[in-house]
1. Rounded to the nearest 10 degrees, what's the angle between the helix 58-73 long axis and the longest principal axis of the chain, both from Cα atoms, 0 to 90?
2. Using 0.36 nm times the number of residues separating Ala36 and Ala69, minus their current alpha carbon distance, what extension gain do you get?
3. Which residue, Pro47, Pro123, Pro58, tops the fluctuation ranking in a GNM of the chain built on C-alpha contacts under 10 Å?
4. 222 nm [θ] for the chain, helices only, -39500 (n - 2.57) per DSSP H run of 4+, per residue, to 500?
5. Within the chain, what percent of beta bridges assigned by DSSP are antiparallel, to the nearest 5?
6. For the chain, what D do you get in µm² per second when you plug the Kirkwood radius from alpha-carbon pairs into Stokes-Einstein at 4 °C and 1.567 mPa s?
7. Can you give me the % of accessible surface on the chain that is carbon or sulfur? Probe 1.4 Å, all protein chains present, nothing else counted.
8. For the chain, calculate the relative contact order in percent as a whole number, restricting contacts to Cα pairs under 8 Å that are 6 or more residues apart.
Amino acid sequence: MRILGLLLGILLLAGCAEKTPPPEKFQFTSKTLDGAEFRGDKLAGQPAVLWFWTPWCPSCNAEAETVEALAKRHDKVQFVGVAAEDQLDAMKKFVADHKMSSFPHLADLDGSVWKRFGVTAQPTFAFVSVDGSVELLIGSPTEEQLDERVSSLVPKT
């Protein structure tokens with residue numbers, strides 16, 4: 001009987017140690033431009049930057065190489081591109097033309113990920129903290145401003 005009580009206690013404690021579900025905005029599944037599945041809940045608990053862009057946006061085109069360079073420089077931060085408001089072929093061409101291969105890009109063809117994060121204009125950056133909080137920045141900051149903001153996402157150890 002004592003062992004049964006001990007086992008029951010261990011099982012209850014194990015249940016308490018379960019992770020809390022990620023915030024609702026991270027509870028989505030999308031497809032990358034290559035057709036692979038991408039689960040938003042994988043972003044919860046880690047620093048991340050979501051870059052919301054469109055292929056026809058002049059500002060997005062102007063900052064694409066900067067975003068790629070930042071993603072390579074900040075390997076402790078998960079970058080994700082979220083393309084919308086165009087066709088898949090145009091999105092793929094944008095990524096190829098700007099040689100943006102260091103992070104995944106989502107084909108948000110129905111705009112559902114944009115809506116989930118409250119994005120209404122492009123470009124927009126969503127800075128995701130380890131605690132799951134999200135701060136949106138609409139527009140095109142300088143490379144220095146972006147670098148500083150991305151650096152602040154990584155907890156100091």
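1. Between the helix axis and the principal axis of the chain, the angle is about 50 degrees.
2. Full extension of this stretch gives 9.5 nm more.
3. Most flexible of the set in this elastic network: Pro58.
4. -11000 deg cm²/dmol
5. 60 percent
6. 77 µm²/s
7. Of all accessible area on the chain, carbon and sulfur atoms account for 56 percent.
8. Reported as a whole number, the value is 26 percent.
The values are calculated or read from the model by the stated rules, or taken from the named source; none is laboratory data. These numbers come from a predicted model, not from an experiment. Note that we place each Cβ from the backbone using ideal geometry, even for glycine, and neighbour counts take in every protein chain shown. Only protein heavy atoms, including side chains, enter the accessible area calculation; ligands, DNA and RNA are left aside. Shrake-Rupley method; radii C 1.70, N 1.55, O 1.52, S 1.80 Å.
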